[in-house]
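The structure appears below as structure tokens.
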Amino acid sequence: MSKLIAGNWKMSCFGADAIDLAEGIRDAVAANDEILDGADLLVCPPYLYIGIVQTVLGPESGVFVGGQDCALSENGAHTGDISAEMLVDAGCNYVILGHSERRQNHKESDALIAKKTARAYAEGLNVILCVGETEAQRDAGKAEEVVGAQIDAADFDGADYDKITIAYEPVWAIGTGKTASPDDVKAMHGFIRGKLQEKLAYGAEIRILYGGSVKPDNAESLLSLPNVGGALIGGASLNAESFMAIAKAAHKIEEQEYAAE
Ligand code: PEP
């Protein structure tokens with residue numbers, strides 16, 4: 001499967017910025033559409049701007065649009081929430097769930113994330129499930145234990161290899177400029193792959209993204225590691241040029257792998 005290059009715009013833009021960014025990505029993809037052969041591109045704007053981003057990045061752009069979260073419930077009396085079915089209605093294909101900022105800032109538990117995951121599958125959304133340890137947990141030698149428990153608590157009931165993506169995001173690497181070392185990424189992605197294969201017949205095919213300060217200058221080395229099926233990108237996805245530079249790195253690796261087969 002192609003690598004997934006996913007931009008998480010968080011709460012980091014206004015409407016005019018979202019339009020500029022979407023136009024920059026649309027135009028860069030149109031000028032280099034071979035990139036889409038080796039990379040699936042996804043942007044996840046704030047809810048409020050999904051509609052305007054969709055007017056720029058319609059299906060013909062080849063760039064997917066997703067949500068950064070969704071509600072636990074179906075449409076109804078839930079003030080302030082946005083449902084999975086609303087995301088689908090707005091043209092989204094993906095939803096990020098369990099991002100560490102939601103786990104920390106909104107006290108989202110594994111159980112709650114599993115329920116949201118079930119809602120997203122029910123509406124046909126592709127789920128990007130974020131897992132990752134804090135710095136204290138890594139220092140205590142508990143990184144695999146923590147990530148393993150997050151995967152054990154995940155809901156795979158309505159999933160398939162192309163409906164669930166795992167994003168390994170060490171919490172201490174998000175927005176800090178620190179990245180996990182290639183050896184640590186290799187080890188953790190191998191561990192996650194092993195767990196997925198233990199649990200699921202299609203565990204070998206699930207994409208496992210790396211997230212945490214991915215930038216154009218480290219993208220190629222991270223994306224070429226075994227079991228790294230793409231990247232979830234915060235800061236560097238807020239600039240069309242740097243997002244596209246990461247997408248180009250993914251395309252280059254896919255081309256090299258294809259040539260070597
Ligand atoms: C993220 O928000 O998921 C993320 C990885 O952010 P950054 O790339 O800025 O570290």
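Using just the alpha carbons, could you tell me how many Å³ per residue the convex hull of the chain encloses?
Working: hull volume 31.2 nm³, N = 261.
Spread over its residues, the Cα hull of the chain gives 120 Å³ apiece.
Determine the dipole magnitude for the chain: charges of +1 sit on the beta-carbon of Lys and Arg, -1 on that of Asp and Glu, nothing else is charged, the reference point is the Cα centre, and the result goes in debye to the nearest 20.
Working: 21 positive and 40 negative charges, 123 e Å.
That gives the chain a dipole magnitude of about 600 debye.
Here the Debye sum runs over all C-alpha atoms of the range 92-185 as equal scatterers in vacuum, and log10 of I(q)/I(0) at q = 0.13, 0.14, 0.15, 0.22 Å⁻¹ comes out as -0.44, -0.51, -0.58, -1.13.
The distance from the alpha carbon centre of the range 135-207 to that of the range 47-65 is 29 Å, rounded to a whole number.
What net charge is computed for the residues neighbouring A31, neighbours being all others with C-beta under 13 Å from the C-beta of A31, Lys and Arg scored +1, Asp and Glu -1?
Working: positive: R26, K248; negative: E23, D27, D33, E34, E241.
Overall, the nearby charge balance is -3.
Kindly state, to the nearest 0.05, the FRET efficiency for E34 paired with L225, given R0 = 35 Å and r defined as their beta-carbon distance. Please list the in-between numbers first.
On the way: r = 23 Å, r/R0 = 0.66.
Efficiency, from the Cβ-Cβ distance: 0.90.
So, R0 is 22 Å and r is the distance between the beta-carbons of T176 and D152; what FRET efficiency does that work out to, to 0.05? Result of the calculation: an efficiency of 0.20.
Loop-located trypsin sites (Lys or Arg not before Pro) in the range 2-89 (DSSP state not H, G, I, E or B) with no more than 16 neighbouring Cβ atoms inside 10 Å do not occur.
If the viscosity is 1.002 mPa s and the temperature 20 °C, what Stokes-Einstein diffusion coefficient in µm²/s follows for the range 108-261 when Rh is the Kirkwood radius over Cα pairs?
Values: Rh = 16.0 Å.
My calculation gives 134 µm²/s for D.
Packing, as the average of other Cβ atoms within 10 Å across residues, places the peptides 227-234, 31-38 in the order 227-234, 31-38, highest first. Residues with beta-carbon under 13 Å from that of I19, excluding I19: net charge, scoring Lys, Arg +1 and Asp, Glu -1? So the surrounding residues net to -3.
List the residues of the range 168-206 whose backbone N lies under 17 Å from a point placed 7 Å from the Cα of K142 along the Cα-to-Cβ direction. Residues passing the 17 Å test: 170-172.
Could you list, in their original order, any pairs among K215/K248; K10/K107; K199/K252; K116/K186; K10/K215 whose Cα atoms are separated by more than 23 Å? Exceeds cut-off: K199/K252; K116/K186.
What do you get for Rg/Rh over the range 33-145 if you use C-alpha atoms and the Kirkwood form of Rh? Present the calculation step by step, with values, prior to reporting the outcome.
Values: Rg = 15.8 Å, Rh = 15.4 Å.
For the range 33-145, the value is 1.03.
Using a Förster radius of 30 Å, what is the FRET efficiency between A90 and D217 based on their Cβ-Cβ separation? Nearest 0.05, please.
Values: r = 34 Å, r/R0 = 1.13.
The value I calculate is 0.30.
At 1.4 Å probe size, with the rest of the protein present, what percent of the exposed accessible area of the chain is carbon and sulfur atoms? Could the numbers behind the result be given before it?
Details: 5640 of 11400 Å².
Here it works out to 49 percent.
With K and R counted +1 and D and E -1, the other residues having a Cβ less than 14 Å from that of D162 yield a net charge of 0.
Computed over protein heavy atoms with a 1.4 Å probe, the accessible surface of the chain works out to 44 Å² per residue. Between A260 and L48, the simple spin-label model (points 7 angstrom out along Cα→Cβ) gives 4.6 nm. Label-to-label distance for A201 and Q104 is 4.0 nm, based on points extended 7 Å past Cα in the beta-carbon direction.
The values are calculated or read from the model by the stated rules, or taken from the named source; none is laboratory data. Because the structure is predicted, anything quoted here is derived from the model rather than measured. FYI the Cβ positions are ideal-geometry reconstructions off the backbone, even for glycines, and counts take in every protein chain you see. Side chains are part of the model used for accessible areas, which takes the heavy atoms of the whole protein and leaves out ligands, DNA and RNA. Shrake-Rupley method; radii C 1.70, N 1.55, O 1.52, S 1.80 Å.
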